[in-house]
1. Give all pairs with beta carbons closer than 7 Å in which a residue from region 1-27 that is modelled with pLDDT of 95 or more meets a residue that is among the β-branched types (V, I, T); count only pairs at least 6 apart in sequence or on separate chains.
2. Restricting to region 74-95, name every residue that is under 11 Å from M223 (Cβ atoms) and either surrounded by 21 or more Cβ atoms within 10 Å (Cβ to Cβ) or small (G, A, S) (or both).
3. If I ask for residues that are under 11 Å from S258 (Cβ atoms) and outside any loop (DSSP other than H, G, I, E, B), which ones from region 220-230 would you list?
4. Has region 55-62 got any residue that is among the aromatic types (F, W, Y), over 12 Å from the mean Cα position of the chain (by Cα), assigned by TED's automatic domain parsing to the domain that holds M203 and under 23 Å from C162 (Cα atoms)?
5. Pull up region 1-28, narrow it to residues that are over 26 Å from P167 (Cα atoms) and among the charged types (D, E, K, R), then point me to the one that is farthest from the chain's Cα centre (by Cα).
6. Of all residues being part of a helix (DSSP H, G or I) and not acidic (D, E) in region 109-120, which is surrounded by the most Cβ atoms within 10 Å (Cβ to Cβ)? Just the residue, please.
7. Examine region 232-251 for a residue that is at positive phi and among the small types (G, A, S), and state whether such a residue exists.
Amino acid sequence: MQKITEQPSNYRHLDKMSTKELLTNINAEDKTVPYSIEKAIPSIEPLVDIIVDRMLSGGRLFYIGAGTSGRLGIVDASECPPTYGVPHGLVIGLMAGGDKAMRKAVEFAEDDPEMGWNDLKEHDVNPADVVIGIAASGTTPYVVGGLKRCRENGIVTGSITCNIDAPVSAEADYPIEVPVGPEFVTGSTRMKAGTAQKLVLNMISTSVMVKLGRVKDNKMVDMQLSNEKLVDRGTKMVMEATGVDYAEGKKLLLDHGSVRKAVDAYTGSKG
């Protein structure tokens, strides 16, 4: 397999570039990422649909990865409950080396092909769930081994990688390949590859939550009211939906705990 992610940068002598040249050239590379993802939409669509189908039947979504890829999965999973009001156990991010690896790399943690499966088993992964392996290179043993064991146990698998015909794709029922080309700094896959993975994860989780009914019109009606900014945002949503003033909208929101419940309560009282 040819690793596009490891090919030499399209740029030479980065150390001799001015600050403006560095920023301009990095930006030029970053601009290519969404166009690469656009070509992968036909591969992303069926994965979203199967996740929605499994969740409606009581299943969960797992992300497994290592390094930057693992961290991106954990970030995406952790943002679902506050944004959409879903339980914390609905979307779960796991990474090689455990939670401590979020801040500090754990040496060789990603090289164990059985550890991904072992981590999943701690959460009682089962055939009702979907597991997505995230690996920029597509060769990470932690991820490839984890997906292989999932398939052996009848669990639906997906993958996100930035190389073509990667080993991780071979273990995925729904492989997504986004070849973004060589990195600005040769092999630094936290850059374009990381951006591509983040954007694809955004697309997957957002589309899933919309299809699960967690968005009304274009509003996060089930978001958690965890700070004043979100209370203010929710109050304005209630005002827009009901026509009440700010004070009444805020009272409705705080009394009922979410925009959806506040609007439903107000509508019911007027019906």
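1. Listed pairs, sorted by first residue: P8/T186; S9/V185; S9/T186; L14/V185.
2. The answer is C80, Y84, G85.
3. Correct list: L230 only.
4. No: zero hits.
5. K16
6. For region 109-120, the residue satisfying everything is G116.
7. Yes, because at least one residue in region 232-251 is at positive phi and among the small types (G, A, S).
Residue-wise test of (1) under 23 Å from M203 (Cβ atoms); (2) at pLDDT 95 or above; (3) not in a helix (DSSP H, G or I); (4) not assigned by TED's automatic domain parsing to the domain that holds E177.
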position: A101; (1), (2), (3), (4): no, no, no, no
position: E107; (1), (2), (3), (4): no, no, yes, no
position: G133; (1), (2), (3), (4): yes, yes, yes, no
position: G145; (1), (2), (3), (4): no, yes, no, no
position: R149; (1), (2), (3), (4): no, yes, no, no
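The values are calculated or read from the model by the stated rules, or taken from the named source; none is laboratory data. Bear in mind the structure is a predicted one, so any value in this text is a computation, not a measurement. Virtual Cβ from ideal backbone geometry, glycine too; neighbours counted across all protein chains shown.
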